[in-house]
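Taking it in order: structure first as structure tokens, then the write-up.
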Amino acid sequence: MTLQEQEIQQKQHKIAGNIKELFENNMSVFDMDIPENDHRASAIEIHRVMQETLDILKKEIDKGTYDQF
């Protein structure tokens, strides 16, 4: 197992928690900003934007943007 694999095993729970917290914070903002908010529609849209952002990040990784981070 590589050092990176060992590190991610230790950090996986924290990373997942951070992502969920970001999602839930955005859900709260939508709830405050939109009268009679459709929670499912908001969740779908927030997830879509988060996934698009992760896809962009993956392309940057593949391009080598973080090779010398």
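The values are calculated or read from the model by the stated rules, or taken from the named source; none is laboratory data. Everything quoted here is computed from the prediction, not taken from an experiment. All Cβ positions, even for glycine, are placed from backbone atoms using ideal geometry, and neighbour counts span all protein chains on display. Ligands, DNA and RNA are excluded from the accessible area calculation, which covers all protein heavy atoms including side chains. Shrake-Rupley method; radii C 1.70, N 1.55, O 1.52, S 1.80 Å.
What are the residues in segment 46-65 that are open to solvent by less than 90 Å² (accessible area, probe 1.4 Å) and over 13 Å from the mean Cα position of the chain (by Cα), if any?
E60, I61, G64, T65
Any chance you could count how many residues in segment 1-42 are part of a helix (DSSP H, G or I), open to solvent by 70 Å² or more (accessible area, probe 1.4 Å) and of a type outside the set (S, T, N, Q)?
18
Among the residues of segment 9-37, which ones are among the acidic types (D, E) and touching a helix residue (DSSP H, G or I) at 6+ places or on another chain (Cβ under 9 Å)?
Of everything in segment 9-37, just one residue is among the acidic types (D, E) and touching a helix residue (DSSP H, G or I) at 6+ places or on another chain (Cβ under 9 Å), namely D31.
Can you give me the number of residues within segment 1-26 that are among the basic types (K, R) and in contact (Cβ under 8 Å) with a residue 12 or more places away in the chain?
0
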